[in-house]
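Notes follow the structure.
The values are calculated or read from the model by the stated rules, or taken from the named source; none is laboratory data. Predicted, not measured: the structure shown is a model, and the values here were computed from it. Cβ placement follows ideal geometry from the backbone for every residue including glycine, while neighbour counts extend to all protein chains displayed. Side chains are part of the model used for accessible areas, which takes the heavy atoms of the whole protein and leaves out ligands, DNA and RNA. Shrake-Rupley method; radii C 1.70, N 1.55, O 1.52, S 1.80 Å.
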Amino acid sequence: MEKKEANKEPFNRPDGVEVKLTAKSINIRGFLFFFILFLIGSYLFVYVWDEPSSYSAGRLLGTSVKGISSPQVMLCIFLLLVFYILIQAGILYWFSGKDKKLLHWHFDWTGVGFSLTRPIPLKFYRVSLLLPGILLGVMPAIHGFCTGEANIFFLGLFGILGGTGDFLFWYSLRAFDDEDLLLAGKKAFQATIIKRNYGKND
């Protein structure tokens with residue numbers, strides 16, 4: 001079966017469409033996303049809760065980045081990753097018919113987590129891609145921003161950053177119908193789409 005990069009237009013084949021994100025593309029976009037997210041986030045947070053100046057934003061960002069090396073923050077980030085993986089595994093477990101034998105553990109340079117060994121409707125897989133990042137990233141970031149809690153705000157930004165690969169993969173699947181089936185590949189962010197509604201996708 002031929003392979004296709006996810007950031008290019010997918011092509012149709014009778015045996016399915018293979019979609020793939022490379023580690024290079026995820027890392028480059030994630031690196032850029034990191035700076036954009038934290039720079040803009042710092043300026044917005046300071047604009048609302050502190051004196052709106054470049055110095056204040058830089059000080060807040062510097063303090064947050066410096067604090068990453070502290071044991072407490074490292075533990076929080078590690079727990080964030082663990083909960084992220086567990087939430088995603090729970091979603092896949094639920095939508096697989098609660099059969100834990102179908103869950104497959106993967107760990108490589110692209111990502112770490114669980115995938116299913118049998119096809120799953122794309123509408124369910126999209127939930128597993130988006131929900132962990134929303135629960136552990138978007139919602140804490142909004143809560144921290146609205147309450148002025150910088151630590152919670154930046155922890156939420158890390159949650160969003162941790163879901164970069166999932167968000168990118170979700171975006172790469174936008175051309176396919178919810179009823180199409182997705183069969184996960186052996187590596188993270190690789191899958192074969194088995195089209196079911198050809199009339200809607202063509």
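Would you mind computing, in nm to one decimal, how far apart the modelled labels at ASP50 and PHE124 are, each placed 7 Å from Cα along Cα→Cβ?
With each label placed 7 Å out from Cα toward Cβ, I get 4.6 nm.
Mind listing the phi-derived Karplus ³J(HN,Hα) values for the stretch 130-139, rounded to whole Hz, using 6.51, -1.76 and 1.60 with θ = phi - 60°, and x for any glycine or proline?
8, 4, x, x, 6, 5, 9, x, 5, 5
Report the label-to-label distance for ILE77 and HIS143 in nanometres (one decimal), using points 7 Å from each Cα along the Cα→Cβ vector.
2.1
Any idea of the accessible area per residue across the stretch 92-202, 1.4 Å probe, to the nearest Å²?
Working: 5800 Å² over 111 residues.
Counting only protein heavy atoms, the per-residue value for the stretch 92-202 is 52 Å².
Assuming R0 = 25 Å, what is the FRET efficiency of HIS104 and PHE31, from their Cβ-Cβ distance, to the nearest 0.05? Present the calculation step by step, with values, prior to reporting the outcome.
Working: r = 28 Å, r/R0 = 1.14.
With R0 = 25 Å, the Cβ-Cβ based efficiency is 0.30.
Once both labels are modelled 7 Å past Cα along the beta-carbon direction, what's the LYS24-GLU179 spacing in nm?
So the two model labels end up 3.9 nm from each other.
Show the residues, 5+ positions off or on another chain, whose built amide H is closer than 5 Å to the amide H of LEU116.
HIS104, ALA184
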